[in-house]
Every structure is written in C-alpha cells, then in structure tokens.
Amino acid sequence: AIFAKLGKNRVLVETIRYTSLSNPNQAEYGFIIADPSTKKLSYVISKNGTELEQGFYKYYKNAVKLSAVDKYSYANFWEDIDEKVPDGKEIYFSPDGVYSLMNPETFIDGESKYVLEKNNMVIVNNPGDLLNTTATGKPTVTTAELIGNPKFYDAAPKGRNQVKDLPATGVEVN
C-alpha cells in the first residue's frame, strides 16, 4: 500500500531510534527506505546514535545559530541515506530522535550542494500519514472543527487555579 501511495517519483525514509542491545547506554538509528521504482525496501544502520545526539548535534546547532558553513553534518547524519535515495526524488521523511530537531535539507554534501537542491523533502509524522493522502499527496481528510469560547468548568474548581474564559475565541471562529 505504501509503494502505491508513493508513486514512482517519491521515496519514504522512516527513522527508528532504539537502544543498542549490547550497550543500554548507546543509542542507535535505523532507517528504512522504501523506493517504489525498485519495489524493494533498503536500510541503513547508524550505530553511533549517542554521538549524533550529543557532540554532532551540538555542532549542527551552533553552525545554524552562527550561520556558519556546516562541513560535517551531512557526513555524520545523512550521507549513508543519501547514497540510497536517487537525486530528483521527493523524500517523505519520518524523523525520530535527534532527527526531529534538525532539517536535513540544510545539510551540505562534499560537492557543496544542499540536500534540498537534490531532493524535495516532506516531513511526515509516520508512514501511516501517507495512507491518508491522495496520489497527489493531498490529505484525504479535508474538514476541521473549530471550537471557540469553550466552557472549561460546570462549576469553579475549589482550591485550584482556574482557566479563564476565552470570549474572543468565540468571535474568531464565527
């Protein structure tokens, strides 16, 4: 079902953070890559998850904060994945762990190209999100319910802080 939803120009990269079986203090990352053009799943394992989450993430964060050229994040976080994703494909990326704190599109490869120059990326919470989209990537659920000026209590709670009424929210949704 996932292959059908992706179509031929999209790839899914699912990130899974887990604790090493041999060392409970070591994080590891697994990536499952679904490419409909090959009709196969491939995977990448990163056994240095703790280093990614600590030192390498701090470097990435400082490079972004200082607007510095980041020469290391691509090699540490993305290069092994990039080798399995053809250029020009749209990547549906489901992050986990430290990957939820970063934007892989900003990584610069060895040829000074940003990942976003090679592949467009769409962040999804999990692969199941794809099952709720049409072939164009638009959500199948197109309605939302807006609630304004909610009544939080039938009676004021005793001895606790009370959430104040929000009458302006009623105006906003009407």
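Computed values, structure above
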| read-out | value |
| --- | --- |
| Hits in segment 12-45 - residues which are polar (S, T, N, Q) and open to solvent by less than 40 Å² (accessible area, probe 1.4 Å) | THR15, SER20, GLN26, SER42 |
| Count of segment 1-21 residues which are assigned to a strand (DSSP E or B), without any contact (Cβ under 8 Å) to a residue 60 or more places away in the chain and farther than 15 Å from VAL44 by Cα | 1 |
| Candidates ASN76, ASN62, ASN9, filtered to the one that is open to solvent by 40 Å² or more (accessible area, probe 1.4 Å), touching an Asp or Glu at 6+ places or on another chain (Cβ under 7 Å) and either within 30 Å of LEU131 (Cβ to Cβ) or of a type outside the set (Val, Ile, Thr) (or both) | ASN9 |
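The values are calculated or read from the model by the stated rules, or taken from the named source; none is laboratory data. In this text, all values refer to a predicted model and were calculated from it rather than measured experimentally. Every residue, glycine among them, receives a Cβ derived from its backbone with ideal geometry; neighbour counts consider all protein chains shown. Protein only, heavy atoms only, side chains kept; ligands, DNA and RNA dropped before computing areas. Shrake-Rupley method; radii C 1.70, N 1.55, O 1.52, S 1.80 Å.
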